[in-house]
Amino acid sequence: MATREIVSTSLGLSIGRMTEHDLLEVVEIEEIAGLSVWGWDAYHKELQSPEDVIMLVATNAMSDLIPGRNIAGFIISRLGAGELHINNVAVRPEVRRQGVGATLLAAVLSHGRSQGARLAFLEVRAGNAVAQGLYRRCGFEVAGRRKAYYAQPVEDALLMSLSLET
């Protein structure tokens, strides 16, 4: 997939591959979103595995969308054994509930499908009803529960999955 290949004109966003130049903003969004911390080093290491990692960013095509910032959100996933594991999805608070997360999910699912993935799955905090709603709207269903999966605070994760076979 070429950089900034997929465009969502209705949202004024461009979806493309994450680069090293995006990492400071990605880490900033991670911190604001309260995700389990990966940090710059972990994202940088993932960027070194382009054959099985799909790391996308939604960039701001409209200069007034997020003043002083270019990245509206990001998604990190990994392909393996015919599966697409979605590790992290985060969107800046200023642009949440505007379709950024759904657009990122659609892009990564499409790319995973084109690479032969038959199943997509992810873990989400059991108490994060907003994220669960997004994933359900995108077709994911709860497939299980992982006890005490998250730390800080300790919380169960719901395992959600989606068949990518047509």
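Scanning the chain for DSSP H helices at least 30 Å long along the axis (C-alpha atoms) with a Kyte-Doolittle mean no lower than 0.0 picks out nothing. Our compactness index for the chain, the C-alpha radius of gyration over the empirical 2.2 N^0.38 Å, is 0.98.
Shown here for segment 61-166: GluC sites (Glu not before Pro) in loop regions (DSSP other than H, G, I, E, B) with at most 10 other Cβ atoms within 10 Å, namely 165. With the simple spin-label model, which puts each label point 7 Å out from Cα in the Cβ direction, the residue 141 to residue 81 separation comes to 2.2 nm. Considering only 128, 70, 87, the Gaussian network model of the chain with Cα springs below 10 Å gives its largest mean-square fluctuation to 128. Charges on Cβ only, +1 for Lys and Arg, -1 for Asp and Glu, centred on the Cα centroid of the chain; of 42, 117, 70, which one is farthest towards the dipole's positive end? After comparing all options, I get 117. Put a plus charge on the Cβ of each Lys and Arg, a minus charge on the Cβ of each Asp and Glu, and nothing anywhere else: the dipole of the chain about its Cα centre is then about 520 debye.
When 85, 111, 21, 44 are arranged by Cβ crowding within 10 Å, least crowded first, meaning fewest neighbours, the order is 21, 44, 85, 111. Reported to the nearest whole Å, the Cα centre-to-centre distance from segment 127-161 to segment 37-52 is 23. Length available on full extension from residue 70 to residue 155: 0.36 nm per residue minus the Cα-Cα distance, which gives 27.4 nm. Largest mean-square fluctuation among 105, 134, 122, in a Gaussian network model of the chain whose springs join Cα atoms under 10 Å apart, belongs to 134. By DSSP, the beta bridges lying fully in segment 62-148 are antiparallel in about 65 percent of cases.
Read-outs throughout are calculated quantities, based only on the coordinates presented, and are distinct from any laboratory measurement. Please read these numbers as outputs of a predicted model, since none were measured by experiment. Glycine gets a Cβ as well: all are built from the backbone with ideal geometry, and neighbour counts include every protein chain shown.
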